1. With a 1.4 Å probe and every protein chain left in place, work out the accessible area per residue of the chain in Å², rounded to a whole number.
2. Using the alpha-carbon atoms, what tilt in degrees (0 to 90, nearest 10) does helix 68-78 show relative to the longest principal axis of the chain?
3. Using helices alone, I'd like the mean residue ellipticity at 222 nm for the chain: each DSSP H run of four-plus residues gives -39500 (n - 2.57), total over residue count, nearest 500.
4. Going through the cross-link list Lys73/Lys249; Lys200/Lys253; Lys63/Lys367; Lys120/Lys143; Lys21/Lys141; Lys21/Lys86, which pairs have a Cα-Cα distance over 29 Å in this structure?
5. Looking at the chain, identify the longest residue range that excludes and avoids all GluC sites (Glu not before Pro) in DSSP loops having at most 13 other Cβ atoms within 10 Å.
6. Compute the long axis of helix 260-272 from its Cα atoms, compare it with the longest principal axis of the Cα atoms of the chain, and write down the angle in degrees, 0 to 90, nearest 10.
7. Would you please give the residues with an amide H less than 5 Å from that of Gly185, counting only those at least 5 places away or on a separate chain, with H modeled from the backbone geometry?
8. Hey, of (1) 92, 54, 41; (2) 56, 54, 42; (3) 66, 54, 41, which did the structure itself give for Cα extents along the principal axes in Å when calculated?
Amino acid sequence: MLVRPVEEYKVVQDFLARVCKQVRARAMHPEIREELLGHIEERTELLMLEGNAEEPAVQEAVKQMGDPGDIGKSLHMAHRPQLDWKLLVLLALLSMIGLFGALSVDYSGTEVVSDFFVRKAAFFGIGLILLVGLYFLDYRKLKRCSGVLFFITLCLMAFTLIRGVDVNGLTIFLDFGPIMIPMLGVASVFLLLIALSGMKPASQWGLWESVFHILYRGVLPIILYSLSGSMVYLFIYLLGFLVLTWTTKRNIKQFAVLTLLPFFGLAYILFTKRLYLMWRLEGLADREGGGGYFMRVIADAVSSAGWFGQGFAAPNPGIPYVYSDSIYPYLIYCFGWLFGIVVGMVVLLFFARVWSISNVLHDSYGKNIVTGVIVVMGLRLLMPILMGLGVVPVISLDFPFISYGGVNNMLDFAIVGLLLSIYRRKNMIPRGVGEAAPMKVA
């Protein structure tokens, strides 16, 4: 019915310009203009059906839309940066629990190294700086570096195997002067999965591309983790890789084919490490045997705690690594089952909050990053609790924000900063076709 498009009329152009001037999220301007034009066009056609000429109908349609300044302000409010206060509050609670636990370990006098509280507070301070920096960083800029980030991380992992520091039989740390970075531990897992989030998705792989990417993205990292002896982070990375491959697959058949080779590699590694795995499982099934020593000590500490524990800084030299792997049962021993339940609830709420972030995102890159973080952070949050309750075998895995982890503490804060950056822009990125939320106009 319209002789020419409504956007050619100056009154429409002025209206759209005044609306978009109020909206600071410039990336949203094309989507806003398109939807407003749709509303104006619909109203113009209705007015013309009532017998109005085209130009007066366009002018009346624009007038019926309402004040462009008010519309722009309401749209700016809808698309302004968002701060996830709930995640920050939960992070603060976990951090306070971690500092409180470090203070208790310090005063108990059972550990050879002292000043855990001061050191942990220092690492938290650095981590907080990283969190703030990443919060203001536009995470989408990382996507263009995804391939390079993945390659550099693999190179650093290989270099760690050659020149890394051996700690307790594991070669996972790369020495950088005053600090040691777990390049074959949690650091590489986070970096690899963040890189995978921005790389070419599985749905776009051809036949030979699939072979290459499975070997490069799946098998090669698994081999490097296996050579370092870091079985825990091997499993975590493999699970993250499988989850991201699943979310970007073309179909179920493709996913099944793509995961065959990594599963064969995992089966071989499990076969070669079967004695170690059997020893761990034996500790879970038979706590009176040699493999069940840790489980037995932890169970005794937890069972003797009662509802309110043995008190602040209660010494228990029998609990191994109270500052890291066994921090959760130690906290229960000192402060009781009730405190342990509170810690567990905070952890579950934190995990649930991160999960909820993924459900409000429509940017596939941001959603993939959050998915990878859910895998890594979820296992690292839940496994120490399950180990402390004797549900799973004891493994060497730090408790994010609560145990003493040095670089790991800083990395965890940085990852939360990245999550906050993604959440901050959830309403500032245009939706895909057909996903735009309806716009309220007068």
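The values are calculated or read from the model by the stated rules, or taken from the named source; none is laboratory data. Predicted model, so just to flag it, every value in this text is computed and none were measured. When we count neighbours, we look across all protein chains shown, and the Cβ atoms used for this are built from the backbone with ideal geometry, even at glycine. To get the accessible areas, we keep the full protein, side chains included, count just its heavy atoms, and leave off ligands, DNA and RNA. Shrake-Rupley method; radii C 1.70, N 1.55, O 1.52, S 1.80 Å.
1. On the way: 21370 Å² over 442 residues.
Heavy-atom SASA per residue in the chain reads 48 Å².
2. Roughly 10 degrees, rounded to the nearest 10.
3. Details: 18 runs with 285 residues, N = 442.
Roughly -21500 deg cm²/dmol at 222 nm, from the helical runs in the chain.
4. Over 29 Å apart, Cα to Cα: Lys73/Lys249; Lys63/Lys367; Lys120/Lys143; Lys21/Lys86.
5. Values: sites that count: Glu50, Glu288, Glu435.
For GluC sites (Glu not before Pro) (loop position, at most 13 other Cβ atoms within 10 Å), the longest site-free span of the chain is 51-287.
6. 10
7. Amide H to amide H, under 5 Å and 5 or more residues apart or across chains, Gly185 pairs with nothing.
8. Checking each listed value against the structure points to (1).
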